[in-house]
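S.K.: Provided herewith is a single structure, encoded as structure tokens, for subsequent inquiry.
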Amino acid sequence: MAASMGEYGKVSALVELARIVLSLSVVITLIFSLRGLFSDIKKLKKAAISVGFFLIVIMISFFLSDGVETPMKDGEFLSAIGSKLVETGIRTFYLLATIALGLMIYSGLIKILKK
């Protein structure tokens, strides 16, 4: 109610508390995740391979994208590299979704054929 009346003092304190809790959660999660990865060389190798494949998909998407300077509604222009990065993100999503769908179909077919 106070925020709707223009009094943001109490709300600001809660927002800052939420930011602190979120930051602590992220830091603790990263510490324990990295600790688990570095404790076993096999886990670290699998993680590195996965990150490598992900970077390959992003690079393929980037090279397939073309940047075009685009006018926006507010009269500004989106730069060619900005446009290329947006298209890269969209293409990456579609490629990863297609790969996931293909792997689900493949694993389903393998289960059906083994019966």
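S.K.: Taking only Cα atoms of the chain, what ratio of Rg to Rh do you get with Rh as the Kirkwood inverse-distance radius?
M.R.: 1.16
S.K.: Now for a different question. Between Ile56 and Leu78, what FRET efficiency comes out of the Förster formula 1/(1 + (r/R0)^6) with R0 = 22 Å and r the beta carbon distance, rounded to 0.05?
M.R.: 0.25
S.K.: Related question: Run down the lysines and flag those whose C-alpha is under 28 Å from the C-alpha of Lys42, throwing out any fewer than 8 positions away in its chain.
M.R.: Within the straight-line cut-off, Lys42 pairs with Lys111.
S.K.: Between Ser39 and Ile90, how many nm apart are label points set 7 Å from Cα along the C-beta direction?
M.R.: That separation, rounded to one decimal, is 4.4 nm.
S.K.: Same structure, new question: ³J(HN,Hα) across segment 70-84 via Karplus (A = 6.51, B = -1.76, C = 1.60, θ = phi - 60°), whole Hz, x for Gly/Pro?
M.R.: Computed from phi, the couplings for segment 70-84 are 10, x, 9, 5, 7, x, 6, 10, 7, 5, 5, 5, x, 5, 5 Hz.
S.K.: Please list, by residue number, every one of the chymotrypsin sites (Phe, Trp or Tyr not before Pro) in segment 23-64 that is coil in DSSP and has at most 11 other beta-carbon atoms within 10 Å.
M.R.: Filter output for segment 23-64: empty list.
S.K.: From Cα pairs below 8 angstrom and at least 6 apart in sequence, can you work out the relative contact order of the chain, rounded to a whole percent?
M.R.: About 15 percent, as a whole number.
Every read-out reported here was derived from the displayed coordinates using simple, explicitly stated rules and does not represent laboratory data. These numbers come from a predicted model, not from an experiment. Cβ coordinates were reconstructed from backbone atoms using ideal geometry, including for glycine residues, and neighbour counts include every protein chain displayed.
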